[in-house]
Amino acid sequence: MQRMKLPTIVVVAIDTLRPDHLGCYGYERPTSPHIDALAAESVVFDQAIAAGIPTMPAFTTMSSGLHPYRHGIVSHAGKRRLAEDIVLLPQLAQARGYVTAACDNLVVQGEGRGSWFARGYDHYSGFLYKPFSDQSRQITDRAIAFLDNYAQQPLFLFVHYWDPHTPYGPLPPFDTLHYRPGSGPYELSEVEALAPEYYKAFLDDMKLRHRDDYAYVVAQYDGEISQVDQQVGRLVETIKERGAWDDTIFVLLSDHGECFGEGGFFFDHHGLYDAVTRITLMMHLPDCRPRRIGALVSSEDLLPSLITLGDLEEPPYELSGYDLTPLIYGDCEAVRERVISVESSRQASLALRTPDWKLILPIVRDAQGQPLPDFYGRERDPAPLLFDLRNDPHERINRAAHEPERLKTMLGELAEWRAEMAALTGEPDPILNQGLSLHYDIFMRRLLARR
């Protein structure tokens with residue numbers, strides 16, 4: 001059977017982007033006109049959940065189609081390296097005949113701890129993240145150059161923007177575009193009181209013009225969304241101007257979201273609340289009508305879907321992600337009943353999420369019985385959290401004491417899954433044995449050295 005003509009595949013990842021800060025996901029501020037226009041031409045997933053956070057686990061999962069418990073990368077900038085026999089998306093594209101290119105920083109960040117992210121690329125443009133700059137424009141310029149240079153060949157292009165990651169620092173006019181003085185639900189003094197040394201250093205690092213206004217900090221996050229939104233618009237418009245849009249698979253997604261008070265965290269991404277684990281995901285697909293999909297999907301599902309959509313070969317092992325094309329083309333209403341998420345930073349936890357309920361299980365001791373403190377260095381409560389997402393979508397009311405049978409069932413399901421993963425991989429539980437990411441300690445040393 002003759003194989004299909006290969007489309008152009010463009011995957012745009014926007015780091016730390018909360019979907020509910022985009023107009024197309026219901027945000028009241030006009031942060032994202034170009035992404036909103038893209039959404040109007042795309043299949044948009046309203047309940048896409050990250051299987052692992054933060055950056056390195058998230059992107060390893062998206063590129064491998066494997067849960068973090070399968071590929072083993074559960075912490076950011078940790079010591080674990082990805083096994084050589086795990087095949088990543090650019091390798092599959094390269095083997096199929098695509099020219100593969102990336103505008104990214106995953107390889108160069110973390111002192112080179114993410115070297116596996118270069119696998120399979122013919123061309124890798126590494127950008128060392130530079131906040132307070134126009135780097136997103138520079139990344140777009142390089143991405144457009146790849147599109148022009150390989151316009152006559154099948155191209156797989158990965159573009160990774162770091163706006164709106166902290167420290168927030170959009171350039172004018174984006175720095176004041178969404179600022180409404182005094183409109184925030186918190187005072188910055190309340191935030192700083194949680195961990196005075198940390199938040200003083202953290203907020204000072206942002207070079208804020210209005211240092212005492214919580215609303216200004218959120219406006220900087222929103223301003224960075226608008227800043228990168230402009231670049232997404234440039235990229236889409238370039239493809240359209242070249243006459244290639246109808247032959248392009250264009251995926252826009254985020255690796256995780258950001259906390260603005262959820263779980264007692266601010267301006268960062270810790271804890272497995274939906275504010276962090278719910279991600280942006282939309283796909284413009286040739287010959288597919290735009291629609292919104294409310295079914296639960298996972299970041300694990302990107303690779304299996306692109307295997308089908310881009311006519312790629314399957315890896316020589318079973319993936320944990322699901323092919324979303326039956327959902328995309330309306331052949332079914334759901335492909336999965338749950339997403340299990342993991343974090344192994346200073347807030348080591350597991351979460352089991354269904355369409356209606358969320359269980360968060362704190363991991364408070366490692367395999368040697370040593371305590372795992374919270375992000376602020378405090379002892380943690382081991383009690384699980386249970387949220388009724390239909391009636392409490394912001395996860396404010398812990399229902400664990402009121403739903404003992406449901407809690408028992410979900411804890412049992414999570415324990416059974418962890419045992420299955422251990423049997424499948426032949427390895428001990430990674431969240432208990434890899435230790436914590438050094439991100440917090442490195443960050444504090446860097447900030448305090450500036451003072």
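The values are calculated or read from the model by the stated rules, or taken from the named source; none is laboratory data. Worth saying up front: this structure is predicted, and the values here are computed from it rather than measured. Cβ: placed from backbone, ideal geometry, glycine included. Neighbour counts: every protein chain shown. In case anyone asks, the SASA skips ligands and DNA or RNA and just uses the protein heavy atoms, side chains included. Shrake-Rupley method; radii C 1.70, N 1.55, O 1.52, S 1.80 Å.
Comparing Cα centroids, segment 170-206 and segment 47-120 end up 32 angstrom apart.
Nonpolar atom fraction for segment 207-293, defined as the carbon and sulfur part of the 1.4 Å probe accessible area, stands at 43 percent. Label-to-label distance for N433 and I397 is 4.1 nm, based on points extended 7 Å past Cα in the beta-carbon direction. Each peptide among 406-416, 232-242 gets the average number of other Cβ atoms lying within 10 Å of its residues, and from highest to lowest they stand as 232-242, 406-416. Principal axis analysis of the Cα atoms in the chain yields extents of 59, 53, 42 Å, listed in decreasing size.
Coupling constants for segment 215-225 follow from the phi torsions by the Karplus curve (6.51 cos²θ - 1.76 cosθ + 1.60, θ = phi - 60°), and in residue order they are 4, 5, 5, 5, 5, 5, 4, 5, x, 5, 4 Hz; glycine and proline get x.
Relative to the globular-protein estimate of 2.2 N^0.38 Å, the Cα radius of gyration of segment 299-383 stands at 1.49.
Share of carbon and sulfur in the accessible area of segment 111-206 stands at 51%, probe radius 1.4 Å.
Annotation for Y376 and E337: the two label points, set 7 Å from Cα along the Cα-Cβ direction, are 3.8 nm apart. A full extension of the chain between D85 and F132 corresponds to an added length of 13.1 nm, given 0.36 nm per residue minus the alpha carbon distance. The calculated FRET efficiency for N149 paired with D20, based on their beta-carbon distance and R0 = 56 Å, is about 0.90. Rounded to 0.05, the FRET efficiency of the D141 and S115 pair, given R0 = 25 Å and the Cβ-Cβ distance, is 0.45. If you take the Cα centroid of segment 338-386 and the Cα centroid of segment 219-242, the two points sit 35 Å apart. Roughly what % of Cα-Cα distances in segment 142-281 sit above 27 Å, to the whole percent? When every Cα pair of segment 142-281 is considered, 34 percent fall beyond 27 Å. Listed values for segment 399-416 are Karplus-derived 3J(HN,Hα) couplings in whole Hz (6.51 cos²θ - 1.76 cosθ + 1.60, θ = phi - 60°), namely 9, 4, 6, 9, 10, x, 5, 4, 4, 4, 5, 6, 5, x, 5, 5, 5, 5, and x replaces Gly and Pro.
Cα convex hull, segment 48-191: 160 Å³ per residue, rounded to a whole number. What does the charge add up to near F59, with Lys and Arg as +1, Asp and Glu as -1, over the other residues with Cβ less than 10 Å from its Cβ? For residues surrounding F59, the net value is -3.
Packing here is the average count of other Cβ atoms within 10 Å per residue, and on that basis the peptides 73-80, 258-265, highest first, run 73-80, 258-265. Other residues lying with their Cβ under 11 Å from the Cβ of Y317 contribute a combined charge of -2, Lys and Arg counting +1, Asp and Glu -1. Heavy-atom accessible surface of the chain, averaged per residue, reaches 41 Å², computed with a 1.4 Å probe.
For segment 196-238, backbone nitrogen atoms closer than 14 Å to the point 7 Å from E187 Cα along Cα-to-C-beta are found at 212-215. Scanning residues 5 or more positions from F266 or on other chains, those with amide H under 5 Å from its amide H are G261, with H placed 1.01 Å from N in the peptide plane. When the helices of the chain are scored as -39500 (n - 2.57) per DSSP H run of n ≥ 4 and the total is divided over every residue, the value at 222 nm lands at -9500 deg cm²/dmol. Between the amide H of I279 and those of A48, I49, A50, distances stay under 5 Å, these residues lying 5 or more places away or on another chain, with hydrogens modeled in the peptide plane. The calculated FRET efficiency for the pair R211 and K240, based on their C-beta separation and a Förster distance of 25 Å, comes to about 0.05. If you count Lys pairs in the chain whose Cα atoms are under 22 Å apart, skipping same-chain pairs closer than 8 places in sequence, the total is 4.
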